[in-house]
1. Which trypsin sites (Lys or Arg not before Pro) does the range B:18-123 hold that lie in a coil by DSSP with at most 11 other beta carbons within 10 Å?
2. Would you be so kind as to identify which of C:Pro212, C:Leu90, C:Ser225 lies farthest towards the positive end of the dipole of chain C, taking Lys and Arg as +1 and Asp and Glu as -1 on Cβ and the Cα centre as origin?
3. What percent antiparallel are the DSSP beta bridges of the range C:122-261, to the nearest 5?
4. Would you check the range C:65-213 for Lys pairs whose C-alpha atoms are within less than 18 Å, ignoring same-chain pairs closer than 8 in sequence, and give me the count?
5. For the protein assembly as shown, with every protein chain kept in place, what is the accessible area per residue (1.4 Å probe, Å²)?
6. I want to check the label-to-label distance for B:Arg3 and C:His144. Put each point 7 Å from Cα in the C-beta direction and report it in nm to one decimal.
7. Out of C:Thr192, C:Val239, C:Phe321, whose Cα points farthest toward the positive end of the dipole of chain C (charges: +1 Lys, Arg; -1 Asp, Glu; placed on Cβ)?
8. Please work out how many pairs of lysine residues in chain B are eight or more positions apart (or on different chains) and have Cα atoms closer than 17 angstrom.
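The values are calculated or read from the model by the stated rules, or taken from the named source; none is laboratory data. All of these numbers come straight from a predicted model, not from anything done at the bench. Because the Cβ atoms are built from the backbone with ideal geometry, glycine has one as well, and the counts that use them run over all protein chains shown. Side chains included, ligands, DNA and RNA excluded: accessible areas come from the protein's heavy atoms. Shrake-Rupley method; radii C 1.70, N 1.55, O 1.52, S 1.80 Å.
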Amino acid sequence: MNFRRLAIQLTLTWLTLFVLLPHALVLLTSVLTPDPGQLASYPMTLQAYGRLWDPIYAQAFWQSLWLSACTTLVCLLVGYPFAWSLARTPRVTRALLLFLMMVPFWTNSLIRTYAIKLILGNKGLINTLLQGLGLTDAPIDLLYTPFAVVFGLVYILLPFMVLPLVSAFEKLDPRLLEAARDLGAGPWARFTLVVLPLTLPGVIAGSLIVFLPAMGMFYVADLLGGAKNLLLGNIIKNQFLVVRDWPFGSALSLTLVLLMGLLLWLYARANRHINRRGGLDDSAA
Amino acid sequence: MTRLLKWGLVGGVFLYLYLPIAILVVNSFNSSKYGHVWKGFSLKWYTKLWANEALMQAFSNSLLIATLAASAATLIGTLMAIALYRYAFRGKGLAGGLLFVVMMSPDIVLAITFLVIFIALGIELGFWSLLISHITFCLPFVVVTVYAQLKGFDRYLLEAAQDLGAGEWQGFRHIILPLVRPAVISGWLLSFTLSLDDVIISTFVTGPGFEILPIRVYSMVKVGVSPEVNVLATLLLGLSLALVGIAALIRRTDRPR
Amino acid sequence: MPLRSLLATLCLTLASQGYAAEKVVVYNWAEYIPEGVLEAFTAETGIEVEYSTYDNNETMVAKLQLQGGKGYDVVVPSTYLVSRMRKEGLIQPIDKALLPHYKHLDPALLDKPYDPGNQYSVPYLWGSTAIGVDGSVVDANSIHSWADLWDPKWKGQLLLIDDVREVFHMAYKINGHSTNTQDPAEIEQAYTTLKRLMPNVRVFNADAPREPFLAGDVALGMLWSGEASMAQAENPNIVYVYPDEGAGFWIDNFVIPAGAEHVANAHKFIDFMLRPEVAKQAVEAIGYATPNLSARALLDASLRNDPIIFPPSEVVQAGEFQEDIGDAAMTLMNGYWEQLKSGQ
């Protein structure tokens, strides 16, 4: 079998069957009339989309966006130097360390989150430690705050940032850095002109697979944040399971996907524009 | 100094990752059921788990599905990434968009759409439906990782190989695959992790004959999650660490040669 | 004689082989049936039990609905879902003639409005939602009503169950309405009442409300009876208070989906679960109350007289069971719920 044909056929068949068709149904559902007994029924209507303008949903969107952005930023700030350090260890050590990094994630997320609660709680590890050292008298509220939510989201998503970054750093040829040094580039210049541009694909890949899933995650936020804020994930799940307004749930979900797609597209365009002006674009070559 | 900083950072991240796991390990030996206070050392949860056939079965089903789904998703995802990167074809933009849709759609929506499509296609709910849906939701993660890796490479390398008469398959095996190997491994690890812990999608697409661990654990909240789950976590951790140890040992004995 | 016993053995073997293919598919919460009961059922009847689990009542209904009521033989929904599933034709009538042990059930817990005459459902376990107090932090004697939670001195300290209907129940009771009201005016009034409660909330919890109590993160809030007894076993300071206005009650029931394939086996299974000795084990292992009077008589006095598990009858009289309230009221309540949670 021709390799090219296999790769293309497989891509198109799989995605059509298990993504396009089902999502065509979501689209259809979103323009039907809610009917909990039958899930959804005719006649067609755009009512569900009209309800999207309620400010509650905009607020939930911003709340989710803000949490995801914070999480992505923290993952990047921690993950970038971490991945760089890992990439500079010998190959075998690196493989072992990466494997060790993944091991904690193979335990069930529910009991892991319970364990995080035991760390952050009023009588948890951190507060016990702080009080033991005499740094505070009363326990600090850590659990059920936005801090706890970001703490938990970063915990779950950090490897998603680190893995693509390590691959990117592995690809970085150390000779390029030496050459830059020989040409008199200082540490800062070497970082901004050599390291950062060459690892940028890794940064983008990592940020994408941290940022996008974080938008829909609500379970961690509910458990660690005390479920005091509505996130988009909550609202959509409630529409499907509790209220059983499937058209509205579908409309919300599709709008979320489209809105995020639009954001990414704008970002990519702006990026291309800046690159072209700066003359740094290597992908056009 | 920078060395110290570097290892401090690495150590700090590992501390952060392993602290909750350490608590689970300690609590697997705690005779208290809810683990808020230490009520004495006990192995009772270990013996209970041993007798809990349903939980063990769910655990092994989960490992099986995660291994198969991660492997298949890595294979298919790598091919997809190459197709998207190298070839121009009709529906390319659509394919990219669909991968984005999978990554972005809330779990509950994916869960319901998968179930509807399996019922429509007449696929029996259980092992196969679970495998197909796990492969599908892992795919975008593999594609993004591998695509990013491909992006930095010189296209001319491949074209040169082709000019020298290497077929597409040979080009894939001897040039692309070695180049993207780190990303392929990353993709597998990410997929394995995602698959092993999925609850919502699995609840909808599995059938009564094939139960996996996360569903069972999340379902235990009604009566209180049993510390047997901590034991499972401890055993899995022990097994993984043993693997790491063996790998390191093999390396060491290999070295003198 | 030898011939007859041989024949008898042969018949039994054949019969049990015939049974070997028999099964019943149970869809339930994990570990919600005491250890060993399923094995005992199989050993006695030869019917294999395929036990599948879900982590959310609503998920179970959605899945059953998408599958057209097929795939499972026995499911265990909570009170209000029984009435909804009945209305939507997802479950089938249960033949009481096949349930000789049905007679053990407490008449006070039968024939409720969610399923008049229990045509479609058989109660398994029941429990309540009331107030949990950590006696070492808050004086338990000072708390006796839902309204006490509204006191501004609890700012940022309470635990509420993360469920629309459970939370609205408190407000309905304070306002003197039914927990099953569908009246938009009463729902709106409850929303106004709840708005004043929101500043007091530290955490909403729907998976294990005992945890924040045990961890010392909250000392006052809503709690389920089973969770309260689990918490008390760990920390005796945790007290469970039935509010004057009336606690919320629920019953988990066995039902048979409309598309069940093994209806006869489903009846056998349900009847097995109704045996007093089995029902007794359920209370011992799970900590919720059984509606089975004969089983209750078999229980150890410490469990039988535990007011958390078996509330006094006047408490049950004062409380209310949740029923299905229809989709219009549910949509309205959920809208207010979204507003409460987003601080509007």
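1. Working: sites: B:Lys33, B:Lys39, B:Lys44, B:Lys48, B:Arg86, B:Arg90, B:Lys92; in loops: B:Lys33, B:Lys39, B:Arg90.
For trypsin sites (Lys or Arg not before Pro) across the range B:18-123 that sit outside H, G, I, E and B with at most 11 neighbouring Cβ atoms in 10 Å, the list reads B:Arg90.
2. C:Leu90
3. Details: 16 of 22 bridges.
In the range C:122-261, DSSP labels about 75 percent of beta bridges as antiparallel.
4. Working: C:Lys70/C:Lys87; C:Lys87/C:Lys112; C:Lys96/C:Lys112; C:Lys103/C:Lys112; C:Lys153/C:Lys195; C:Lys155/C:Lys195; C:Lys173/C:Lys195.
Counting lysine pairs in the range C:65-213 gives 7.
5. On the way: 36740 Å² over 886 residues.
Normalised by residue count, the accessible surface of the protein assembly as shown is 41 Å².
6. Output for this residue pair reads 7.3 nm.
7. Sorting the options by dipole projection puts first C:Phe321.
8. Numbers: B:Lys33/B:Lys44; B:Lys33/B:Lys48; B:Lys33/B:Lys222; B:Lys92/B:Lys151.
Eligible lysine pairs with Cα atoms under 17 Å apart amount to 4.
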